[in-house]
Every structure is written in C-alpha cells, then in structure tokens.
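The values are calculated or read from the model by the stated rules, or taken from the named source; none is laboratory data. Nothing here was measured: the structure is a model prediction, and the numbers come from that model. Here the Cβ positions follow ideal geometry from the backbone for every residue, glycine too, while neighbour counts run over all protein chains shown. Side chains are part of the model used for accessible areas, which takes the heavy atoms of the whole protein and leaves out ligands, DNA and RNA. Shrake-Rupley method; radii C 1.70, N 1.55, O 1.52, S 1.80 Å.
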Amino acid sequence: MRLAATAALLIPLIAAAPVQQGTSQKAGPGIKWGPAPAVFPAGAQMAVMQGDPSSSGLFTVRLKMPNGYRIAPHTHPTDEHVTVISGNFRVGMGTTMDAKGMTTLKAGDFITAPANQAHYAMARGNTIVQVHAMGPFALTYVNPADAPRTSSPR
C-alpha cells in the first residue's frame, strides 16, 4: 500500500519534469561546410556536427573528400570512430601507405582506428565520412614531410 502511494505521488512529478533536449543536425543544405583544417591535404571540406573539435570533450565532424583524395599514414591520441555517409572510403593500418592492403568501406560501414595506431585513407569517388571522437582533435603524420603545412602550400 505504501509503495502504491509513493508511486502515485512520483508519477505526476516525473511527467512534469522538463525533458532535456538533445542536439540534432539534418543532412542536406543545413550542413555548413568549410575548408578542412590545414592539417588535412587541400581539397577536403569539413562540417562540425556536434561539439568543438579543438576543445576537450566529445565531437562529431563530417569530412567531404573528392575522388582520389589521400590522407597519409598518421595517428590520433584518441580512438577515431568513422562512419561512411556516402562514396567509398579506403582505409589501411600501418606506417606505410599500401593500396593493396586497404579495405574499402561503403556507405553505412563503420571502423574504429585505435588511439596511437597508424592508419591511412583514400576516397574512391566523392566521399563523405563522419568522425566521432574525444577532443581536442590532433593528427600527427608518421612522416612529418607528409604534413600539408610542410609539403605543399594550402
């Protein structure tokens, strides 16, 4: 009886409690694309979907790459969770880019690159991937000469 009385008092309180709103971002023209940061080779565009990649905490970005776009072997200090939104995203693990050792991921496929583990990527066709990770975002090229700031002007 006591349990029923307590429940009767709590149910209206729970029903009246404010619901915390999540954040949402619709695909399409609402996404604000801009040039990818200088740590990426020229030609890609990036959109921040959630959070702030330059700060501590969770963030989600999308990277739009033209056909043939390559990202040389690199590492991140945190796990990188990647979902292919469109196109074909070829990925490989290791310190040397090896086209034969790459796996092709299609729209809807997912991969996690573990923290501090070297990996590389290439777009086949116009490709969009979504990256979800903990910030601040950092990308360190295995070979410093591959870094766009030192290998070619942006």
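Summary of computed values
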read-out: Filter result for GLN25 (modelled with pLDDT under 95 and surrounded by fewer than 18 Cβ atoms within 10 Å (Cβ to Cβ)); value: yes
read-out: Selected residue [at pLDDT 95 or above and open to solvent by 70 Å² or more (accessible area, probe 1.4 Å)] from ARG90, ARG70; value: ARG70
read-out: Flag if THR83 is open to solvent by 20 Å² or more (accessible area, probe 1.4 Å), in contact (Cβ under 8 Å) with a residue 24 or more places away in the chain and closer than 27 Å to LEU58 by Cα; value: yes
read-out: Any hit, the range 36-44, residues being closer than 18 Å to PRO148 by Cα, open to solvent by 60 Å² or more (accessible area, probe 1.4 Å) and not basic (Lys, Arg); value: yes
read-out: The range 93-117, subset part of a loop (DSSP other than H, G, I, E, B) and more than 15 Å from the chain's Cα centre (by Cα), residue surrounded by the most Cβ atoms within 10 Å (Cβ to Cβ); value: MET97
read-out: Residue match in the range 59-82 (condition: part of a loop (DSSP other than H, G, I, E, B), in contact with a Pro (Cβ under 7 Å, 6 or more places away or on another chain) and hydrophobic (A, V, I, L, M, F, W, C)); value: no
read-out: Subset of the range 97-154 [more than 21 Å from PRO66 (Cβ to Cβ) and in contact with a Phe, Trp or Tyr (Cβ under 6 Å, 6 or more places away or on another chain)]; value: GLY135
read-out: Residue check, ALA47 assigned to a strand (DSSP E or B) and within 13 Å of the chain's Cα centre (by Cα); value: yes
